[in-house]
Amino acid sequence: MQNNESMDNIDFTQKEMQTELDRWIEKLNIQSTKDVQVPNILMDQVIGQDEAINVVKKAAKQRRHVILVGDPGTGKSMIARSMVDFLPHETMEDILIYPNEEEPNEPKVRVVPAGRGKQIVNSYKLKAAEVRQQKNMILIFIVVSILALAIYFSFGMGAPNPSALFVGIMAIALLVMAFRVGSGKNDGVMIPKLLISHEPTDKPPFVDATGAHAGALLGDVKHDPFQSGGLETPPHERVEAGAIHKAHNGVLFIDEINLLKMESQHSMLTAMQEKKYSIIGQSERSAGALVKTEPVPCNFILVAAGNLESIQGMHPALRSRIRGYGYEVYMKSIMPDNEENRQKLIRFIAQEVMKDKKIPHFDKYAIGEVIREAQRRAGRRGQLTLRLRELGGLIRVAGDLANHEGSPLVTARHVINAKRIAKTLEQQIAERSIEKRKEYSMISNQGEQVGVVNGLVVMGAPESGLSEFAGMVLPIVAEVTPSHSKNSGRVIATGKLGEIAKESVENVSAFIKKYIGDNISNYDIHIQFIGTYEGVEGDSASISIATAVMSALENVPVNQEVAMTGSMNIRGEVLPIGGVTAKIEAAVEAGIKKVIIPKANLNDVLMEERYIGKIQIIPVTHFSEVLKYALNIDKSDSSVLHKLTNLINTNPITPSANVH
């Protein structure tokens, strides 16, 4: 049958992939990652983003701004950090803040070559020390004179007069206090503040301002609790540089830039246009709010990063500035599974070992298991994932297991065990949910029931930002009741549905009305998603909903050994969905024997070895095929169901190319 052939083909293909990878590992001319050379240049350590690297190199040489858009863990921050290696050579500069004697709340700014700033400040400090020393000598002379006179008048004029000594000591104390208060901490010498300091040999700075508030980003002026009486701190000494000033002549990196307030984004736009920005106090209740410096240089390259939602939340003018004077780059999430890219993944493992400095090297069989996991996480056959941060987590867990055992190398067994330990929270929750539902008989995996379908859903990506999905079996129940009045039938769906899920219910209703006709308007159709406490979003349950409704309408039982997943349009075409592998594996865990999936997703099935051969996979292109495999139509006298199933032979369907 077609079903068995599909399952056998999938199992054979996966086993062939495993065998091919095993043969490739055997031919490797290395024994472990210790034999792999790691590049010294940071940009060369980025894996699989060749197009992005070429663009960023051009941007660095021409000092252009860049927006990096893509999934988490694809190398955006590493690419941004490596830009400083390709910036044109420019003389680094120190920035000093000087007091303004005419208007103290408007400190002056001076720019000098790198290293010169420290010399200037040190010269002022030396001058202050000399003045302090001179004042101390004068103070000592006066104190000694007063003390000598007090002793003379107390004991040198006949009868002892202790009161004269007491008056002398009090005079000395008052003099010292007045001297200290009146002099100030720098003895009247106003030392400039070194705001930005560099050495002549320094590389251009890289400043990560992700999550910075306005003061940390744009600069701030500290509050002065002592604003009079000779105890106040001069305004120029309270000025603090912002990230935009620290990144002068370098790179300013901001991830999730949409999290910045619009006011901060607008101020940063001004700084980018003018290449200088005055520092003011950010708090209106602070004494620093009165202070505003002269414009401080901030000629930086902005590298903004995030996903598509982050970019949509940017200030329109800021994004326009970057588009007009820079580049927008979309990062890849997968790369082809070929010899060159496998070698890159081996280098990535070696890089992670070198960065961690606590885990041992991986032998070549452990390398093979990591590459196998990269194939699986790609979600598409013939591809490797580029969500390498998460893959790096697996590498570190495997290394920790090897360390715990005292093993000199990480082996394949350590990687396999690490996969079981390093599961996401969503995967752990999904596994416990399946166990709980089986324990309380919430999932039926045998027999037949009318209006009950085992749907399949996923937790985790993309909401969590992770590449791994956690599959779950979601029972969907439909019931049909007479409407309150003629032609007033409704479709009522419960289970905390999201917007897309509600729309999928409406699409299913439109398809069913097409084949049931006007009779459906005389019924209320109730659809319940069982146990969806966290809510349901997406349209991958479309064929499950439609099957449950058709079963309830025509009173034909559904085979409970079957689970299903797939989107569906209003013409009944079954469309591809995401997370198909995780859904199939969840069905296996729940004891399901067969699973129906969109035929377009057939090449996306990459199950772990322990699941292979344990479930029959049925690919379909049209809803009529779903009914054929899920319902016992041969024993039914429903003309509607027979009409639908006949569509398989009379109306061949071409699978849609639209991806869910």
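Kindly provide log₁₀ I(q)/I(0) values, in the same order as q = 0.27 Å⁻¹, from the Debye equation applied to equal alpha-carbon scatterers of the range 266-306.
So the normalised log intensities are -0.91.
Could you name the lysines whose alpha carbon sits less than 24 Å from that of K27, not counting residues in the same chain fewer than 8 places away?
K15, K344, K364
Quick check: with the 1.4 Å probe, what order do M83, M354 take by accessible area, largest first?
The residues order as M354, M83, largest area first.
Evaluate E = 1/(1 + (r/R0)^6) for K57 and K614, where r is the Cβ-Cβ distance and R0 equals 45 Å; express this FRET efficiency to the nearest 0.05. Could the numbers behind the result be given before it?
Values: r = 49 Å, r/R0 = 1.08.
With a Förster radius of 45 Å, E is 0.40.
Any chance you could run the full-extension gain for R132 through K593? It's 0.36 nm times the residue separation minus the Cα-Cα distance, nm to one decimal.
Between R132 and K593, full extension yields an extra 157.0 nm.
Tell me which of Y152, L28, V84 sits at the most positive position along the dipole axis of the range 17-166, charges placed on C-beta atoms (Lys, Arg +1; Asp, Glu -1).
Working it through, the farthest residue towards the positive pole turns out to be Y152.
Give the Rg (one decimal place) followed by the Dmax (whole number) of the range 30-169, computed from C-alpha coordinates and expressed in Å.
For the range 30-169, the Cα-based Rg and Dmax read 33.3, 103 Å.
Let me check I have the definition right: for the range 20-89, take the eigenvalues of the Cα gyration tensor, multiply each by 5, take square roots. What are those semi-axes in whole Å, largest first?
Ellipsoid semi-axes (Å, largest first): 31, 15, 9.
Could you work out how far the C-alpha centroid of the range 339-387 sits from that of the range 56-115, in angstrom?
Taking the Cα centre of each part, the range 339-387 and the range 56-115 sit 34 Å apart.
Can you order the peptides 55-66, 305-316, 617-628 by their average number of other Cβ atoms within 10 Å per residue, highest first?
Descending packing order for the listed peptides: 617-628, 55-66, 305-316.
How would you classify the range 201-265 from its alpha-carbon gyration tensor, with a ≥ b ≥ c the square roots of the eigenvalues: rounded for a/c under 1.5, else prolate if a/b is greater than b/c, otherwise oblate? Don't jump to the answer; show the numbers that get you there.
Numbers: a/c = 4.27, a/b = 1.68, b/c = 2.54.
The shape class here is oblate.
Once you place label points 7 Å from the Cα toward the Cβ at H223 and Q31, how far apart are they in nm?
6.5
With every protein chain left in place, what is the accessible area of I47 in Å² (1.4 Å probe, nearest 10)?
10
Once you place label points 7 Å from the Cα toward the Cβ at E499 and E328, how far apart are they in nm?
That separation, rounded to one decimal, is 2.0 nm.
Tell me the Kirkwood radius of the range 334-424: reciprocal of the mean inverse pair distance over distinct alpha-carbon atoms, in Å.
Hydrodynamic radius (Kirkwood, Cα pairs) of the range 334-424 is 12.9 Å.
List, in the order given, every pair from K594/K614; K502/K628; K34/K357; K423/K594 whose Cα-Cα distance in the structure shown is over 19 Å.
Table pairs above 19 Å Cα-Cα are K502/K628; K423/K594.
The values are calculated or read from the model by the stated rules, or taken from the named source; none is laboratory data. The structure presented is a predicted model; accordingly, all values stated were derived computationally and were not measured. Cβ: placed from backbone, ideal geometry, glycine included. Neighbour counts: every protein chain shown. Note: areas computed on protein heavy atoms with side chains; ligands, DNA, RNA excluded. Shrake-Rupley method; radii C 1.70, N 1.55, O 1.52, S 1.80 Å.
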